[in-house]
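Scroll down for the structure; my scribbles are underneath it.
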Amino acid sequence: MPKKEGRSRPIALTLALTGRDQDENAPKLALHAVTRDGDILESIEVGDGDAVKLSEKAMSAEAVVVLSAETKPDAQALKEGYRLSPAQLMRAAEVSGILALSPSRWRPLLPFGLCVDGSVRKCWWWPVYVKAATAQVATAKALSSNVGLATTARLGLHVATADRILQNLQLRRCHPVCEGIVEVYERTCCCWPIVIPPLIYDIRERLRRLLERLPDIRIPPRPLPDPIPYRKAGMFVSGTLDETALNAAADLAFLESAPFEAASAYVEARPYLLRMICSCGPKIYRGAALIGPDGQFSMCYPGNPFLPVNCHREYAFRVRQIIDGVDTVIYDGAAAGIWFDSDEDITLTTYDPDAIECPGSDLPIPTDTPFAMLERIGGTEAWNLKTPEPTGWDRAAVTSYNDGLAFPAASVAAARGTYLDRNWGGVLGLRYLFTPSLKTQGAKYYRVRVAKADINGNPIGVPKYMDDPMAWKYWENLGGYPPQIKIRVQSLNLPSDPSFYEIPYMQDHNWLSNYNHAHVDTRKFDDGRHLVTLELYDSALNRLAPNNALDAAGSDTKKPFAYEWWHDPLDATDPENTTNVPYAGLTHMFWWDNRDCVADITKLINTGIASNAQCQFMSGTGSSTFGAEFRAYHPYNHGDPSKVSFMHSWRLRYWKGLGGAEQSLDTGSEPQDPGLSATETFATMLGGDTKCTFSLELHVDTKTFDGSSILNSLDERDIASFALDMTP
């Protein structure tokens, strides 16, 4: 094909960077003549005021791309650079002889004109629901007090249920992530002066569509080792929590019920909602940075620090780790819609259980004195366990009514309706602290045994040593970019006797977090108080005893180490209070009870007249009242109100006909056997109808937990059906 006349003629221009301040540095630029396939035909470097001479070869290219001279002209850079066609250059040469670049074109080419930094951490899945519950509770209270909403059912989560989650779930520690790379994406958003009220309808519609795509999430989540399937939960993308999805139900409920003035203030206070009505450009990949040893990252790149009025710069990130040869995305804020303003403190949180965090230990006491201590039960720090002070290596005297329970209350009455004086149940994951210097004292193995306690706290019966298979994973950095991470597995059980576990000292390997040293399945033991004892052994399987042990056996080997008891804090600001235990073992008392609560609707009551008939059709006037007789309690304190109750609370609620809204009839925290509910009038229940059918549910909630989650399977409920007929 013949070339267009003049297309490939060499030209000369003068580079002019307009809008530059007198004291402002100008970038050294590189002009790259590239083909359609991205091949570079010719490159020249020029500065402000320099002559630009493009050869015939350069002018035959597909385009001339302008980059900083310090930028490597790889495929990505050439794709994102400022592109000029030969025709544009030819016209500039003919008209003015000047190649003028505006500030928006040349300032982004300044070397490292913009920087972004932050940190990466790994957290566990419980905080997600704490945050969700917090948002729901706050919204419900705001609705109730500010806009007079009669019920919180529209929130999709009752205030009582949300409060229960907040009380139940124990926040796990977060660990920094220090292996991998962070990819940085940028976009520019412009929020021109916006009149928010007319846009509330649009925000609500977007939230409705989002909620339609979200599956139901079980709350509270089931306990380990079966965590919520975060990859399929709708709120997560590659272990990344989608803030908009998390708060969608609460936000929609508020925006549907609040007046426009309150709704506008609500939207303005939430950047993720504002982004729905701002105009944002496409995301642009700006580069990648290695994560430092403390979880920090920083990356600088050429960019324009100046933006139009009412516009701002936002960042999203992806975090990748090469785990066992697989390129794994452990955080994907770009996909989850998580953007940070440029002036925010940027913390990237992954909930991916496979993510590799930094080596080290979350020691509650910063010391290397040789000692052992119970650190956590599931997700609960051990000082929340009301264990009496040991009186021997395998015993602890009962001194209080709530010994062995979690989160002790001042009295039986003070624990009613709260998550204080909580009983244990299910499988308890025990995490001990073995300080590194214990290794120098010869401590190589440990054993954990369980014995039933009598009324005085002495062990009775045959103790059971835990011998479940126990294996911990650790990782090794094989180098490379990104770092290649290899996962390895180490069994802790001694093959000849699996009740002996090798101590996994923190300095030995980069252990993955969230492992326990023992698992006590409380369902395999009687309900009641039990004694859980830790013993240490040397490589020859001789039991070790501290030098100050008062009950060391003749076969024990005494060593200069200590057992420490981490107990209730001296004050609210110092939870790290320990007491030395001068015995040959470390014993804690646990009180567990795996029995179900009791829920039984025994009678329905029409204006004071009770009936236990199976089919009930109630007639009355609008002022007639409906109520119920019922039983709600935990078997432990059945018939004895002076005993601690392992029931948290009960609630009676009813539904009208098909698809009727949930309504509360009564709630309480005192055990009932039997109890009489509050009443409601026929007129209120029928709500304008003269007759309809109803369903009544009694739900009894347990306090029982495994240190991480309530054991919802021990809740109990009962359902009754009836019909109301209102006559004049």
Pairs over 31 Å Cα to Cα, from Lys122/Lys464; Lys386/Lys464; Lys57/Lys283; Lys486/Lys559, come to Lys122/Lys464; Lys57/Lys283; Lys486/Lys559
For Ala69, the residues 5 or more places away or on another chain with a placed amide H closer than 5 Å to its own amide H are Lys28, Leu29, Ala30
Sorted by chain and number, the residues with a modelled amide H under 5 Å from that of Cys358, at a separation of 5 or more or across chains, are Val177, Cys178
HN-Hα couplings for the stretch 447-457 via Karplus (6.51, -1.76, 1.60; θ = phi - 60°), in whole Hz with x for Gly/Pro, come out as 9, 10, 10, 10, 9, 5, 9, 7, 5, 9, x
Of the residues Ser68, Ala87, Ala16, the Cα lying farthest along the dipole of the stretch 11-111 towards its positive end, which is defined by charges on the beta carbon of Lys, Arg, Asp and Glu, belongs to Ala87
Placing +1 on each Lys and Arg Cβ and -1 on each Asp and Glu Cβ in the stretch 584-728, then taking the dipole about the Cα centre, the residue among Gln672, Gly622, Trp592 whose Cα reaches farthest towards the positive end is Gly622
Taking Cα atoms only, Rg over Rh for the stretch 371-592 with Rh from the Kirkwood formula is 0.99
The ³J(HN,Hα) series, computed from each phi in the stretch 277-282 with the Karplus coefficients 6.51, -1.76 and 1.60 at θ = phi - 60°, rounded to the nearest Hz and given as x for glycine or proline, is 10, 8, 9, 10, x, x
Least to most buried among Leu252, Leu550, by other C-beta atoms within 10 Å and fewest first, runs Leu550, Leu252
Checking rank on 393-402, 476-485, with mean other Cβ inside 10 Å and highest first, the result is 393-402, 476-485
From the Cα centre of the stretch 467-511 to that of the stretch 375-414, the distance in Å is 32 Å
Computed on Cα atoms, Rg of the stretch 353-446 relative to 2.2 N^0.38 Å comes out at 1.34
For the stretch 598-726, inverting the pair-averaged 1/r of distinct alpha-carbon atoms gives a Kirkwood value in Å of 15.4 Å
Projecting the Cα atoms of Ala372, Gly417, Trp393 onto the charge dipole of the stretch 348-453, where Lys and Arg contribute +1 and Asp and Glu -1 at Cβ, the residue farthest towards the positive end is Trp393
Once phi for every residue in the stretch 666-673 is put through the Karplus expression 6.51 cos²θ - 1.76 cosθ + 1.60 (θ = phi - 60°), the whole-Hz ³J(HN,Hα) values, with Gly and Pro written as x, are 6, 9, x, 10, 7, x, 10, 7
Listed with the fewest Cβ neighbours within 10 Å leading, Glu70, Glu357, Glu502 appear as Glu70, Glu502, Glu357
Restricting to Cα pairs under 8 Å and 6 or more apart, the percent relative contact order of the stretch 256-407 works out to 12 percent
Taking placed amide H atoms and a strict 5 Å upper bound, the residues 5 or more places from Glu42 or on another chain that come that close are Ala33
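FYI, it's all coordinate maths here, none of it is from the lab. Computed from a predicted model, the values in this text were never measured in an experiment. FYI the Cβ positions are ideal-geometry reconstructions off the backbone, even for glycines, and counts take in every protein chain you see.
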